[in-house]
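Each value in this text was obtained by applying a stated rule to the coordinates, not by laboratory testing. Source: prediction; values computed, not measured. Positions of Cβ are generated from backbone atoms using ideal geometry, with glycine treated the same way; all protein chains shown enter the neighbour counts.
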Amino acid sequence: MTPDQCRAARALIKWNQQRLAEAAGIGIATLTLFENGATAARPATVEVLERALRDAGVIFLDEGEGGGAGVRLRKG
């Protein structure tokens, strides 16, 4: 998951940074640094963020066939 995907995913499910940080069990400062690209997040941090967003219904799309990485909502 990229910082751009993280921000886009939050927007899709209408979560602010505080809500995602709480759902992932990390500090809001850690999330802010990751989303701003200010620092490379540890793999474990990205994993808990991605899991929290997936649990909320986000699907992560990889780059492919001329398109960039993205996100969408799971049906139902």
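Take the Cβ atoms of LYS14 and LEU61, set R0 to 25 Å, and the FRET efficiency comes out at 0.80. Using R0 = 22 Å, the C-beta based FRET efficiency linking ARG42 and LYS75 works out to 0.10. The equivalent ellipsoid that matches the C-alpha gyration tensor of the chain spans semi-axes of 19, 15, 10 angstrom, in descending order.
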